[in-house]
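To keep things clear, I will list the structure first and then write my remarks on it.
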There are 2 protein chains.
Amino acid sequence: MLIVRSDDDQDHHCLELDSAELILSWERPERSRFVDIATDAAGLGEVIPPLPFDRMLVETVHEPAYVEFVEHAFSRWKDEGHAASAAMGFGWPARRMRNVRPDSLKAQLGYYSFAADCSIAEHTWKAAMASAAAADTAAHHLAAGARSVFARCRPPGHHATSDQFGGYCYLNNAAIAAQRLRSTGMNRVGILDVDYHHGNGTQDIFYDRGDVAFCSIHADPMVEFPYFLGHADETGRDQGLGTNLNLPLPHGTGADTWFAALKSATDWLTGLAPDALVVSLGVDTFMDDPISQFRLVEEDFTEMGRRIARFDRPTLFVMEGGYATAQLGQNIAAVLTGFAGTS
Amino acid sequence: MLIVRSDDDQDHHCLELDSAELILSWERPERSRFVDIATDAAGLGEVIPPLPFDRMLVETVHEPAYVEFVEHAFSRWKDEGHAASAAMGFGWPARRMRNVRPDSLKAQLGYYSFAADCSIAEHTWKAAMASAAAADTAAHHLAAGARSVFARCRPPGHHATSDQFGGYCYLNNAAIAAQRLRSTGMNRVGILDVDYHHGNGTQDIFYDRGDVAFCSIHADPMVEFPYFLGHADETGRDQGLGTNLNLPLPHGTGADTWFAALKSATDWLTGLAPDALVVSLGVDTFMDDPISQFRLVEEDFTEMGRRIARFDRPTLFVMEGGYATAQLGQNIAAVLTGFAGTS
């Protein structure tokens, strides 16, 4: 299995509002290190860097004005003289308010986000672009014939919409990869999001399109972030009607329930006959994850990989969440070795 | 001029996210003390406490489920074991997300708000209810024949919608007063909001109603909170079409421009012939206000009172913002003495 990764994420860390306290984000630089060590130890295959990239790469799924905003938000923040080490909004265009883009930076930080668990710091743009480039490069290789590729992305991407950051995500790596696969001539791409949290950004980007089918297994948004999307009755719109499937599960979900949902997901995806599969691979479904409430264990991740392999499509794994940092590497490696048949 | 006030706000203070730092809110208990000292010194008239009140009072303009939420949010927060001294959300139902009310407290804190400059602390409910009661009691007296009444409300109210807190506001005191005046038989009530910030909550509550006309003079939402409402093209809807007027002004606005807007506002209100006037009286238009960018001085506040008196309707002043705490009292007193003709 080819692995695409970059160290350009290592300077990216930012502030998070968590239970009315400002903390350094749970989404930390060492996450990458632990994953790289574990995947190297598993001997999965060749490791390559992302191809050179530019902003056109991300404007395939993001609004150019949003991309411009993410690139320059932190320098504008510093120019305004704020002391805090990351730029964060404080007001959001909630219901019955208007989505007219304001001029001020503080306002745009709200306009272009949906959560305060995520902020834009000095090295965020570089990391987000490198992460997107890893996903895009992985897609190139999958399109060129690889059976599977792992894009070790950080920051994650699946919460980012076409014009909003949130949930530690700025650019939607899985969506960028899926769009790249489409542009190489595949008729339909399936996205399977196994992160603990609903991939609201990915759903939103493809909600009215039938050429990219999105399926997510996640904690019920009634009790878990992102809260305001991810319900079972969201099935797509217009050309995308019938190509969106949400499988929300309750707190405390263990392997039996989770794998039953995975079967529903792969059965549904089979019916849509995608040419390739993008897996949004979060392992915050792990029982010891510090901010999540599912109960999968390491062997379950191996089994997850095996079952995804049985779906038998060219498969691109894009790393998403997982915050039990010390065990993150072995859980990611377990999925990949399960898939590769090397465990 | 009758003054209605309560000390039940004195224990209410809470956390505010300001430029990616958590601070004790600019909206502080001593604001009331400074105003009480200055209005007492001005000898404006009798001071009375609010009448006894219950939640029915606020459910005239707020969703019962929202009122229930505000009442119990802090005890739920403590029951969940959070260390922070105030309950604050971190995710909001921004554009293209759904307004399905989630079950979890953290999610509901986002569902029922639009900003993180405002949180719910131990004594918030008591203070908000006493503040609403002061406005309601003032309306009773105005309906009974008083020419003018000052409700020294704290916390302020004009940002609170029927089901959202934000901008230091939880219950919309001005809206509650206007609704009370309507229920006493007045055909139409006018609301003049002179706070530096747009009264988005008041506008939202009456936007589709013709019986309460709302007019606001405020900093342009393109550059100032609440950012996502308060534009000049918001003129009302359905029965309320033509009974909403926004007069956004640029940063740096001084007396000449401000009073020209006031003339537009009172001319417009005259055309709608309200039986009474509710003034959302924020004095954060003051040149030394720490979080605002207009340039009014104390003599301008006296003149403001005189001009409002010339509108010649029974007038209920409801206190809103103003964060230059030491000068807050004299600026409020200047408006009221200008109105009363005692200066």
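The values are calculated or read from the model by the stated rules, or taken from the named source; none is laboratory data. Not measured: the values here are computed from a predicted model. Don't worry about glycine lacking a Cβ; one is built from the backbone with ideal geometry, like all the others, and counts go over all protein chains shown. For accessibility, only protein heavy atoms count, side chains too; no ligands or nucleic acids. Shrake-Rupley method; radii C 1.70, N 1.55, O 1.52, S 1.80 Å.
Odds and ends about this structure:
- Residue pairs whose Cβ atoms lie under 8 Å apart, separated by 6 or more positions or on different chains, with the first residue in the stretch B:186-213 and over 17 Å from residue B:320 (Cα atoms) and free of Cβ contacts under 8 Å to residues at least 40 places away in the same chain and the second among the hydroxyl-bearing types (Ser, Thr, Tyr) and assigned to a helix (DSSP H, G or I), do not occur.
- Residue match in the stretch A:268-291 (condition: within 20 Å of residue A:191 (Cβ to Cβ) and without any contact (Cβ under 8 Å) to a residue 12 or more places away in the chain): yes
- All of B:80, B:30 fail the test of being touching a helix residue (DSSP H, G or I) at 6+ places or on another chain (Cβ under 9 Å), modelled with pLDDT of 95 or more and away from chain A (no Cβ under 14 Å), apart from B:30.
- The stretch B:174-185, subset under 15 Å from the mean Cα position of the chain (by Cα) and not small (Gly, Ala, Ser), residue least open to solvent (accessible area, probe 1.4 Å): B:176
This table checks each residue for (1) surrounded by 24 or more Cβ atoms within 10 Å (Cβ to Cβ); (2) more than 30 Å from residue A:110 (Cβ to Cβ); (3) not polar (S, T, N, Q).
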{"site": "B:145", "(1), (2), (3)": "no, yes, yes"}
{"site": "B:187", "(1), (2), (3)": "no, yes, no"}
{"site": "B:190", "(1), (2), (3)": "yes, yes, yes"}
{"site": "B:202", "(1), (2), (3)": "yes, no, no"}
{"site": "B:209", "(1), (2), (3)": "no, no, yes"}
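Here is a yes/no grid of residues against (1) among the hydroxyl-bearing types (Ser, Thr, Tyr); (2) touching a Leu at 6+ places or on another chain (Cβ under 9 Å):
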position	(1), (2)
B:261	no, yes
B:275	no, yes
B:280	yes, yes
B:285	yes, yes
B:294	no, yes
B:306	no, no
B:317	no, yes
B:331	no, yes
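- Lone unmet requirement of (1) within 27 Å of residue B:331 (Cβ to Cβ); (2) open to solvent by less than 10 Å² (accessible area, probe 1.4 Å); (3) among the hydrophobic types (A, V, I, L, M, F, W, C); (4) touching a Leu at 6+ places or on another chain (Cβ under 7 Å) for residue B:116: (1)
- Restricting A:59, A:21, A:30, A:63 to residues that are within 19 Å of residue A:117 (Cα to Cα) and within 20 Å of the chain's Cα centre (by Cα) narrows the list to A:30.
- Filtering the stretch A:186-229 to residues that are over 12 Å from residue A:280 (Cβ atoms) and at the interface with chain B (Cβ under 9 Å from one of its Cβ atoms) leaves A:204, A:207, A:220, A:221, A:222, A:223, A:224, A:225, A:226, A:227, A:228, A:229.
- Residue count, the stretch B:246-257 (criterion: of a type in the set (Ser, Thr, Tyr) and either in contact with a Phe, Trp or Tyr (Cβ under 7 Å, 6 or more places away or on another chain) or buried (at least 22 other Cβ atoms within 10 Å of the Cβ) (or both)): 1
- Residues that are of a type outside the set (Phe, Trp, Tyr) and closer than 19 Å to residue B:328 by Cα do not occur anywhere in the stretch B:231-242.
- Any hit, the stretch B:119-140, residues being closer than 19 Å to residue B:69 by Cα, part of a helix (DSSP H, G or I) and touching a strand residue (DSSP E or B) at 6+ places or on another chain (Cβ under 7 Å): no
- Residue count for the stretch A:293-332 under the criterion of being over 19 Å from residue A:192 (Cβ atoms) and either at pLDDT below 95 or not acidic (Asp, Glu) (or both): the result is 11.
- Subset of the stretch B:37-64 (residues that are more than 17 Å from residue B:133 (Cα to Cα) and open to solvent by less than 50 Å² (accessible area, probe 1.4 Å)): B:38, B:39, B:42, B:44, B:45
- For first residues located in the stretch B:15-26 and more than 11 Å from every other protein chain (Cβ to nearest Cβ), partners that are of a type outside the set (Val, Ile, Thr) and part of a strand (DSSP E or B) and lie 6+ apart or on another chain with Cβ distances below 6 Å form the pairs B:25/B:16.
- Criterion (crowded, with 24+ Cβ neighbours inside 10 Å, in contact (Cβ under 8 Å) with a residue 40 or more places away in the chain and under 17 Å from the mean Cα position of the chain (by Cα)) met by exactly one of B:319, B:304: B:319
- Cβ pairs under 8 Å, 6+ apart, first in the stretch B:115-135 and free of Cβ contacts under 8 Å to residues at least 60 places away in the same chain, second part of a helix (DSSP H, G or I): B:125/B:70; B:125/B:71; B:125/B:74
- Summed over the stretch A:232-267, the residues that are in contact (Cβ under 8 Å) with a residue 40 or more places away in the chain and aliphatic (A, V, I, L, M) give a count of 5.
- Extreme residue, nearest to the other protein chains (Cβ to nearest Cβ), among residues of the stretch A:95-114 that are without any contact (Cβ under 8 Å) to a residue 40 or more places away in the chain and under 24 Å from residue A:25 (Cα atoms): A:107
- Residue B:260 meets the conditions (1) buried (at least 24 other Cβ atoms within 10 Å of the Cβ); (2) outside any strand (DSSP E or B); (3) of a type outside the set (Phe, Trp, Tyr) in every case but one. The failed one is (1).
- Test: residue in the stretch A:265-288 that is touching a Cys at 6+ places or on another chain (Cβ under 9 Å), farther than 18 Å from residue A:175 by Cα and of a type outside the set (A, V, I, L, M): yes
- Within the stretch B:70-93, the only residue that satisfies the criterion of being of a type in the set (A, V, I, L, M, F, W, C), assigned to a helix (DSSP H, G or I) and open to solvent by 10 Å² or more (accessible area, probe 1.4 Å) is B:74.
- Taken as a whole, the structure places residue B:150 among residues that are over 12 Å from the mean Cα position of the chain (by Cα), farther than 20 Å from residue B:246 by Cβ and crowded, with 24+ Cβ neighbours inside 10 Å.
- Looking across the stretch A:264-295 at every residue that is more than 19 Å from the chain's Cα centre (by Cα) and not in a helix (DSSP H, G or I), the one that is surrounded by the most Cβ atoms within 10 Å (Cβ to Cβ) is identified as A:274.
- Pairs where the first residue, in the stretch A:67-86, is under 17 Å from residue A:55 (Cα atoms) and the second is open to solvent by 30 Å² or more (accessible area, probe 1.4 Å) and assigned to a helix (DSSP H, G or I), C-beta under 7 Å, 6+ apart: A:67/A:55; A:70/A:125; A:71/A:125
- Considering residues of the stretch A:211-245 that are among the charged types (D, E, K, R) and over 22 Å from residue A:171 (Cα atoms) only, the residue least open to solvent (accessible area, probe 1.4 Å): A:234
- For the stretch B:141-165, a tally of residues being assigned to a loop (DSSP other than H, G, I, E, B) and either at pLDDT below 95 or out of contact with any Gly (no Cβ under 6 Å at 6 or more places or on another chain) (or both) returns 12.
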